[in-house]
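The values are calculated or read from the model by the stated rules, or taken from the named source; none is laboratory data. Quantities reported herein were computed from a predicted structural model and do not represent experimental measurements. Neighbour counts are summed over all protein chains in view; Cβ atoms, including those assigned to glycine, are modelled from backbone coordinates with ideal geometry. Heavy atoms of the whole protein, side chains included, go into the accessibility calculation; ligands, DNA and RNA do not. Shrake-Rupley method; radii C 1.70, N 1.55, O 1.52, S 1.80 Å.
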Amino acid sequence: GLVSSLLAELSLRFETGELRPLAHRVFSIDDAVAAFRHMAQARHKGKVVIDVDVKQSPPLEGPLVTESGSYLITGGLGGLGLEAARWLIKQGAKHIVLSSRRGPQSSEQEKILEDLRTSGAEVRVVEADVSQREAVKQLLEEIESKGPLLKGVIHAAGVLSDGLVLQQEWSSFERVLAPKVSGAWYLHELTKGLD
């Protein structure tokens, strides 16, 4: 209720001109380098905005998700991974591979997996540490051998290591970055020959 009333009040103040948007300068996505240069030279007042005009993107050929392909979700048993699986199934996916460093760790995860499977999709859980190139290679080989062909990847793997910056150690930084950055690179490298 409080947020709603505050938004209504702000909206009214913008409509009457009492409040105005922050000063800003808009650059197209094609001019992103110029936008960063402009900002680095401290020549801007207010905000620098990069406008991504989606209408310029070429249209996709065919559907984004098909029944005939396999879809890999790294970090597949985390909250984001399981939501991505639900979304893929709603889009028509019938073959989903959820990768995780460890298999299901809770009855809640087991329940969600059961729900996903009763929706008519084949949902497989494969243990793989995507921060390790060999593990990613084996994961992709398993998907290829059991079929159908891999048609998409959602990279949701991650490790959480919260703490104050002053108390962080380099090893903690590496532990967090490994599945995100190394995993993304290995997935890129090992799938770039696929459609």
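Quick notes on this structure:
- Anisotropy class of the stretch 132-195 from Cα gyration tensor, a/c 1.5 cut: prolate
- Distance (nanometres) between label positions extended 7 Å along Cα→Cβ at THR191 and LEU80: 1.4
- Cβ-based net charge around GLN91, under 12 Å, with every Lys or Arg adding one and every Asp or Glu removing one: +3
- Between VAL165 and HIS38, the modelled label-to-label distance comes to 2.7 nm, taking each label 7 Å out from Cα in the direction of the beta carbon.
- Of all lysines in the structure, the ones whose alpha carbon falls short of 21 Å from that of LYS146, not counting any fewer than 8 places away in one chain, are LYS94, LYS137, LYS192.
- Of the GluC sites (Glu not before Pro) in the stretch 1-70, those whose Cβ has at most 15 other Cβ within 10 Å and which sit in DSSP loop: GLU18, GLU61, GLU67
- Here the Gaussian network model covers the chain, with springs between Cα atoms less than 10 Å apart; of SER119, SER182, SER106, SER106 fluctuates the most.
- Computed over the alpha-carbon atoms, the chain gives an Rg to Rh ratio of 1.08, Rh here being the Kirkwood radius from the mean inverse distance.
- Around LYS111: net Lys/Arg minus Asp/Glu count, Cβ-Cβ under 14 Å: -2
- With both labels modelled 7 Å from their Cα along Cα-to-Cβ, the LEU12 to GLU108 distance reads 4.1 nm.
- Computed extension length for SER4-SER172: 56.5 nm, one decimal, from 0.36 nm per residue of separation with the Cα-Cα distance subtracted.
- Mean-position separation - Cα centroids, the stretch 111-147 and the stretch 1-27, in angstrom: 46
- Sulfur and carbon atoms: percent of accessible area, the stretch 46-150 [1.4 Å]: 50
- The chain, helix-only ellipticity at 222 nm - DSSP H runs n ≥ 4, -39,500 (n - 2.57), divided by all residues, nearest 500: -12500 deg cm²/dmol
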